[in-house]
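A quick write-up on the structure given underneath.
The values are calculated or read from the model by the stated rules, or taken from the named source; none is laboratory data. Predicted model, so just to flag it, every value in this text is computed and none were measured. All Cβ positions, glycine included, derive from the backbone under ideal geometry; neighbour counts span all protein chains shown. Just the protein is used for accessible areas: all its heavy atoms, side chains included, with ligands, DNA and RNA removed. Shrake-Rupley method; radii C 1.70, N 1.55, O 1.52, S 1.80 Å.
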Amino acid sequence: SSLQQQLKYDLLTHIRKKPPVKLTVYEHWLYGMEELKTGSLEADEKARIHFQRAIEIDPEYSLAYSGMSLTYFNEWSCQLWERWDVCQKGAFEWAKKAIELDEQNYVAALVLGRVYMYEAEYEMSEHYLRRALRLNPNDTDNLTQIASCFVFLGYLKEAEKLYNKVLQLNPIYGSQHHHIGALIAFELGEYEKSIA
């Protein structure tokens, strides 16, 4: 996981020197994902441009569709409450398209699991979350998201196991995920641990 993050960082450093018109599908996807980490509406818009360019280059590139889904998901779950329906629909439809193109797309499965959870369709949510877990049980971002969803679905011990796995797989950046550990500890009634 640490190696993967370093490789992405190195690649981003390299492609920032390239003119935008010469970026590959993967490079557009990588840029888009980097923008998403900013967590602002402006960054979501910039990310959409990169994902759209990736789709224009390769209309079958499933990761670009899941990236588009994440831009709407971010707005739906964190930012644009007045556009709730539009953002929810965008998150859902782009993720469905991504998984139609590649049923191994764990990011799309994760997004669908979260969308279904927020829509109170818990069986469908669990189905897609477990699918995302089976498809990529070692990606720390994937595990963190699934762990937080498992808390809301009532699978606290399983959420705790996934969180501990995140810390084990990525000890250098483990502190980035302490908010999930605090949530799990709180729900388990371990309040001192949660505060720590």
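Number of residues in the stretch 56-88 that are touching a helix residue (DSSP H, G or I) at 6+ places or on another chain (Cβ under 8 Å), at pLDDT 90 or above and surrounded by fewer than 19 Cβ atoms within 10 Å (Cβ to Cβ): the value is 3. Restricted to the stretch 106-196, the set of helices (runs of 4 or more DSSP H) holding at least 1 residues that are open to solvent by less than 20 Å² (accessible area, probe 1.4 Å) and either among the hydrophobic types (A, V, I, L, M, F, W, C) or modelled with pLDDT under 95 (or both) comprises 106-118, 122-135, 140-153, 156-169, 178-187.
Evaluation of L11 against the conditions (1) closer than 24 Å to G174 by Cβ; (2) assigned to a loop (DSSP other than H, G, I, E, B); (3) at pLDDT below 80 shows that the sole unmet condition is (2).
Which residues, counting only those in the stretch 137-196, are among the hydroxyl-bearing types (S, T, Y) and without any contact (Cβ under 8 Å) to a residue 40 or more places away in the chain? Can you show your working first?
First pass over the stretch 137-196, keeping only residues among the hydroxyl-bearing types (S, T, Y): 140, 144, 148, 155, 163, 173, 175, 191, 194.
Hits for the stretch 137-196 are T144, S148, Y155, Y163, S175, Y191, S194.
Against the numbered list (1) open to solvent by less than 50 Å² (accessible area, probe 1.4 Å); (2) not in a helix (DSSP H, G or I), E103 comes up short only at (1).
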